[in-house]
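Heads up, the thing below is written out as structure tokens.
The values are calculated or read from the model by the stated rules, or taken from the named source; none is laboratory data. Source: prediction; values computed, not measured. Quick reminder, even Gly has a Cβ in these numbers, built from the backbone with ideal geometry, and neighbours come from all protein chains shown. Remember, those area values only see protein heavy atoms, side chains included, never the ligands or the DNA or RNA. Shrake-Rupley method; radii C 1.70, N 1.55, O 1.52, S 1.80 Å.
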Amino acid sequence: MRIVVVCGAGASSTFAALRIRRAAEARGIDVSVRAAGEQTLAAELADADALLVGTHLAERLPSLEQDAAAASVPVAVLPGETRTLDGDAALDLAIAIIGERA
């Protein structure tokens, strides 16, 4: 499973990606989680299975959804602040949106 986490510049998404990776490791789930800024998002979506969007980007969600749709990647807004994200909740969200597509 390949997950991309996006925030404005990529800084807070790095924290979120780390927490999601740790949650996946604790569950024994093979996952690749990458942090991305809006500028690099198109390239990161090329081989992604899910796009998780920081809450502070919710106002730009329509544009992000268009980018993700072009790459056939499901999208969800992360629950809560990206910097203090619950990695298990975010992992569950990614699994849920990937499952909806399958």
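Quick check on my filter: what residues within segment 41-80 are in contact (Cβ under 8 Å) with a residue 40 or more places away in the chain and of a type in the set (D, E, K, R)? Within segment 41-80, GLU44, ASP47, ASP49 meet the criteria. If you filter segment 1-60 down to residues that are of a type in the set (Ser, Thr, Tyr) and more than 21 Å from ALA71 (Cα to Cα), you find that the one that is least open to solvent (accessible area, probe 1.4 Å) is SER12.
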